[in-house]
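So the structure is just underneath, and the comments pick up after that.
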Amino acid sequence: MSASAGVTLALSKGRIFEESEALLAPLGLLPQADLDDRLLRLPSQADGVDLLVIRPSDVPPYVEHGAADFGIVGKDVLMEHDGTGLFEPLDLQIAQCRMVVAGLPDSGLDRLRRRPRIATKYPAIARAHFGRQGRQVEIIKLYGSMELAPLVGLADAIVDLVATGSTLRANGLIEFETIADISSRLVVNKAAMKTKHAALTHWIERFREVVTAEEPVA
Ligand code: AMP
């Protein structure tokens, strides 16, 4: 089997795709044509590598069920999804941020009521985090703009991603604690790792070379 034969790579649309471009370009894995919102499946510039450009939260199921052989996805999505059906061979060190608990400065984690309401797009991560602390919480699942929830009394705190902290600051919120450091990962379908071993190890190693080359010298 040639190293580039017949594999499909699932890319996370949006912020991660934009940051992935710096890794995809030197590997010749950019889309052949300009990204068009209507085109969801497109050939890359490399022979035998097709791309799927899909919502970040859809990357784990696509790869786990073999619709894509490998993919690029945020650790936050993997933690929320329970990525145990996937290999996660490489930290791509892009889209770096933190998963945090945040809220209004005068509420403070210790001063939250006995069963605080936590607004989040990440109920599994939030539940596991507070579970580890032995704290009972009521989770309110939201799909965006979590920062608004404490301001209007919908929630006592939020669990959300923070990169620069400017969104929290703009809304007068502060970080109470960090749950996890987040970055994007390469994930691989477990069966494909056997059936397309040569091609997938080729690409994993190429990604590893590019990531290592981009690492800042300490
Ligand atoms: P910032 O203001 O830089 O702290 O960014 C915070 C906002 O960007 C929040 O709405 C986050 O949900 C979102 N965000 C930050 N980093 C990421 C990331 N790596 N992937 C997806 N969303 C992110």
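The values are calculated or read from the model by the stated rules, or taken from the named source; none is laboratory data. Predicted model only: the values in this text are computed from it and were never measured. All Cβ positions, even for glycine, are placed from backbone atoms using ideal geometry, and neighbour counts span all protein chains on display.
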* Where residues in segment 70-89 are more than 15 Å from the ligand (Cβ to nearest atom) and over 17 Å from Pro31 (Cα atoms), which of them is surrounded by the most Cβ atoms within 10 Å (Cβ to Cβ)? -> Leu86
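Looking only at residues in segment 60-107 that are among the β-branched types (Val, Ile, Thr) and within 11 Å of the chain's Cα centre (by Cα), which one is nearest to Arg127 (Cα to Cα)?
Filtering segment 60-107 for residues among the β-branched types (Val, Ile, Thr) gives 63, 72-73, 77, 84, 94, 100-101.
Checking which are within 11 Å of the chain's Cα centre (by Cα) leaves us with 72-73, 77, 94.
On the way: Ile72: 25, Val73: 21, Val77: 15, Ile94: 26 Å.
Of everything passing the filter in segment 60-107, Val77 is nearest to Arg127 (Cα to Cα).
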* If Arg127 satisfies every condition in (1) outside the structural domain of Ile72 (by TED's automatic domain parsing); (2) surrounded by 14 or more Cβ atoms within 10 Å (Cβ to Cβ); (3) within 16 Å of the ligand (Cβ to nearest atom); (4) within 25 Å of Val63 (Cβ to Cβ) but one, which is the exception? -> (3)
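Consider Arg169 carefully, then state whether it is closer than 28 Å to Ala68 by Cβ and among the basic types (Lys, Arg).
No, not satisfied.
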* Structure fact -> Taking first residues from segment 15-31 that are within 14 Å of Gly71 (Cα to Cα) and second residues anywhere that are surrounded by fewer than 20 Cβ atoms within 10 Å (Cβ to Cβ) and polar (S, T, N, Q), the pairs with Cβ under 8 Å that are 6 or more apart or on different chains are Leu29/Gln45; Leu30/Gln45
* May I ask you to list pairs of residues, at least six apart or on different chains, whose Cβ atoms are under 6 Å apart, with the first in segment 83-98 being touching a residue at least 12 places away in the same chain (Cβ under 8 Å) and the second being part of a loop (DSSP other than H, G, I, E, B) and not hydroxyl-bearing (Ser, Thr, Tyr)? => Cys97/Ala163
* Structure fact -> Those residues of segment 44-67 that are surrounded by 17 or more Cβ atoms within 10 Å (Cβ to Cβ) and of a type outside the set (D, E, K, R) come to a total of 12
* Asked: Hey, any hits in segment 76-92 for a residue that's assigned to a loop (DSSP other than H, G, I, E, B), modelled with pLDDT of 95 or more and farther than 20 Å from Thr195 by Cα?
  -> yes
* To do: Kindly indicate whether Arg41 is in contact with an Asp or Glu (Cβ under 8 Å, 6 or more places away or on another chain), exposed (fewer than 15 other Cβ atoms within 10 Å of the Cβ) and of a type in the set (D, E, K, R).
  => yes
* Asked: Quick one: is Pro105 within 16 Å of the ligand (Cβ to nearest atom), more than 19 Å from Ile16 (Cα to Cα) and out of contact with any helix residue (DSSP H, G or I) (no Cβ under 7 Å at 6 or more places or on another chain)?
  -> no
